Amino acid sequence: MISVGAIYSVVYVLLLAFTLVLGGDIVHHDDVAPRRPGCENNFVLVKVPTWIDGVENSEYVGVGARFGPTLESKEKRANLTRVVMADPPDCCTPPKNKLTSEIILVHRGKCSFTTKANIADEAGASAILIINYRTELFKMVCEENQTDVDIRIPAVMLPQDAGLNMERHIKNNSNVSIQLYSPLRPLVDVAEVFLWLMAVGTILCASYWSAWSAREAAIEQEKLLKDASDDYANTENVGSSGYVEISTAAAILFVVIASCFLVMLYKLMSFWFIEILVVLFCIGGVEGLQTCLVALLSCFRWFQHAAQTFVKIPFFGAVSYLTLAVTPFCIVFAVVWAVYRHAAYAWIGQDILGITLIITVLQIVRIPNLKVGTVLLSCAFLYDIFWVFVSKWWFHESVMIVVARGDKSGEDGIPMLLKIPRLFDPWGGYSIIGFGDIILPGLIVAFSLRYDWLAKKNVRAGYFVWAMTAYGLGLLITYVALNLMDGHGQPALLYIVPFTLGTFLSLGKKRGELKILWTRGEPERPCPHVQEDSQSINHH
């Protein structure tokens, strides 16, 4: 019931701006903070489970320092150790309280981190916890003039709220004990496997639907040709009114508009802005879910009459009874997801809305030939690399990663992503993939199947199987890179585009069909005027 124009403008620009595979960082690589002997650790996240008077309490997350020994990675090997408050709290002078291998809790400020750690070490502490004066974490580094650092106890930074909670229990004379350890992520999490299957399966379904629609339109056109119908001129673009073709100019313009939108999100990122994105996502999700449900139910003979019977509705025009019946369910589904989107199970609703939306976009938005597809994917390839990696030089952080995670918004991230919880990961979190990483290469894959069917090519002689396999391999390599980079967000199109586009171009050139694929994009069809002329000649 929502117009194709609305889908094109809202979805194609806003949703395709997010092209990222993210697993969540554990090791925070930093090339800015200097390294030197004794001060060369990676910044790692640290688990800090607490026990109050012997009863297990909250678990906090801190970050390890550039200096000091590395922490244990196994929970069972991490000692449960009592925590005491430093006196004075800043630990810039030797503490008055005697320490016997306890962990000392101190406040940030008044002296350097290494000074605090050295004083705590000399006082007999087994580790030092430094409370930040903000809610976020801070990377603790050595002083510039320190040439040789020899700190023998681990140092961990805690966010302000966690540190103050711990301090409050200590001041209430409670016995506070903690463990310090930094567990590693598993090499492969089942979430990544399912996310890969979801992405590949979504493109597979969308490609077959797009090819089926194109073939039905071609069959209808052939019938008109055989009948030499006078109405051919009015129907020669059968099916074209139901989809939008991307031009070369639009493919280039996409990068510009998507980049502007991404910067706007980065600058205006806030709670209310995320709420606007949620509303836009729900609008697109309702359309996607409605379109897919109507198409699916229309395959069953019980619903075919309702699908083929229409009623006129102001503004929307002719709408089938089946669409009217399905739409309220889709609206309720999207509203319920929006209301409960912070629940642990909300990712299921987000993925359902996202997948149906992607399938609908791939059915509506098409590339006419390989030339447009090459321009689009090449521009998206550069766009992805720039906003994930190069943007750090100007903004001092990756714009794409910051926006995808929803930093500074108070939310878990933007909704324009498919996500699955990391089930066997000690750090939890989600594995995510941006809509653009599915839709953009999906346009090429769907084009390949449409071409195969219209050219009546079998599986071996066609392009679809090769394009689909190349996409799957490209996405697989993306996840390999993601794990090698300790979950640091990866621009998926960096790996997917060379596989998918490179395979298509190489195969087309080898088969001598690149010119047809590049310009026309579909096989020649007989012209009705030529057919009519030949019949006229034969008659005379």
Convert each backbone phi in the stretch 75-85 into a coupling constant with the Karplus relation 6.51 cos²θ - 1.76 cosθ + 1.60 (shift: θ = phi - 60°), then list the ³J(HN,Hα) values in order as whole Hz, x for Gly and Pro.
4, 5, 9, 7, 6, 7, 10, 6, 10, 10, 8
MET269 - accessible surface, heavy atoms, 1.4 Å probe, Å² rounded to 10
20 Å²
Residues of the stretch 65-200: accessible area per residue at 1.4 Å, in Å²?
51 Å²
Largest first, how would ARG36, ARG168, ARG511 line up by accessible area (1.4 Å probe)?
ARG168, ARG511, ARG36
Residue-normalised accessible area of the stretch 318-404, expressed per residue, 1.4 Å probe, Å²:
40 Å²
What is the spin-label model distance, in nm, from HIS169 to PHE194 if the labels are put 7 Å beyond Cα along the C-beta direction?
3.2 nm
Starting from the Cα-Cα distance between LYS74 and GLU275, subtract it from 0.36 nm times their residue separation and give me the gain in nm to one decimal.
68.4 nm
Got a sec? What order do CYS299, CYS142 fall in by accessible area at 1.4 Å, biggest, i.e. largest, first?
CYS299, CYS142
Rounded to the nearest 20 Debye, what is the dipole magnitude of the stretch 127-189 about its Cα centre when Lys and Arg each give +1 and Asp and Glu each give -1 at the C-beta?
300 debye
Kindly rank 271-277, 109-115, 66-72 from highest to lowest mean number of other beta carbons found within 10 Å of each residue.
66-72, 109-115, 271-277
I'd like the accessible area for CYS205: 1.4 Å probe, protein heavy atoms, all chains in place, Å² to the nearest 10.
80 Å²
How would LEU184, LEU505 rank on accessible area, largest to smallest, probe 1.4 Å?
LEU184, LEU505
First measure r as the distance between the Cβ atoms of VAL336 and GLU40, then evaluate 1/(1 + (r/R0)^6) with R0 = 41 Å and state the FRET efficiency to the nearest 0.05.
0.20
I need the peptides 369-376, 344-351 ranked by packing, meaning the mean over residues of other C-beta atoms within 10 angstrom, with the highest value on top.
369-376, 344-351
In Å³ and rounded to a whole number, note down the convex hull volume per residue for the Cα atoms of the stretch 347-455.
134 Å³
What distance in nm separates the simple spin-label points at ASN97 and VAL480, each placed 7 Å from Cα in the Cβ direction?
5.2 nm
Taking amide H atoms as placed 1.01 Å from N in the peptide plane, list the residues 5 or more away in sequence, or in a different chain, whose amide H sits under 5 Å from that of TYR430.
ARG422
Excluding residues fewer than 8 places away in the same chain, name every one of the lysines whose C-alpha is closer than 21 Å to that of LYS515.
LYS371, LYS456, LYS457
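In debye to the nearest 20, how big a dipole does the stretch 119-224 give about its Cα centre with +1 on each Lys and Arg Cβ and -1 on each Asp and Glu Cβ?
Numbers: 8 positive and 14 negative charges, 82 e Å.
Dipole about the Cα centre, nearest 20: 400 debye.
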Using the Karplus equation 6.51 cos²θ - 1.76 cosθ + 1.60 (θ = phi - 60°), what ³J(HN,Hα) coupling, rounded to whole Hz, does each residue of the stretch 446-455 give in order, writing x for Gly and Pro?
5, 4, 5, 6, 4, 5, 4, 6, 5, 8
Simple spin-label estimate for GLU136/LEU187, 7 Å along Cα→Cβ, in nm, reads 3.5 nm
Alpha carbon convex hull of the stretch 278-385, projected area averaged over orientations, nm²
9.7 nm²
Of all accessible surface on the stretch 295-408 at a 1.4 Å probe, what whole percent is carbon and sulfur?
72 percent
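If each residue of separation counts as 0.36 nm, what is the full-extension length gain between HIS305 and TYR208 once their alpha-carbon separation is subtracted?
Gain on stretching HIS305 to TYR208: 32.5 nm.
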How would you order 463-469, 448-454, 421-427, 94-100 from highest to lowest mean count of nearby Cβ atoms within 10 Å?
448-454, 463-469, 421-427, 94-100
Amide H contacts under 5 Å for GLU72, placed H, 5+ residues apart
SER182
For a bin width of 10 Å, list the pair-distance distribution of the stretch 323-370 built from all Cα-Cα distances, rounded to whole %.
23, 41, 25, 10, 2
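Classify the stretch 429-471 as rounded, prolate or oblate from the Cα gyration tensor: take a ≥ b ≥ c as the square roots of its eigenvalues, call it rounded if a/c is under 1.5, otherwise prolate when a/b beats b/c and oblate if not.
On the way: a/c = 4.82, a/b = 2.54, b/c = 1.90.
Prolate, because a/c is 1.5 or more and a/b exceeds b/c.
The values are calculated or read from the model by the stated rules, or taken from the named source; none is laboratory data. Bear in mind that the values here come from a model prediction, so they are computed numbers and not experimental data. Don't worry about glycine lacking a Cβ; one is built from the backbone with ideal geometry, like all the others, and counts go over all protein chains shown. Quick note on the areas: whole protein, heavy atoms, side chains included, nothing else; ligands and nucleic acids left out. Shrake-Rupley method; radii C 1.70, N 1.55, O 1.52, S 1.80 Å.
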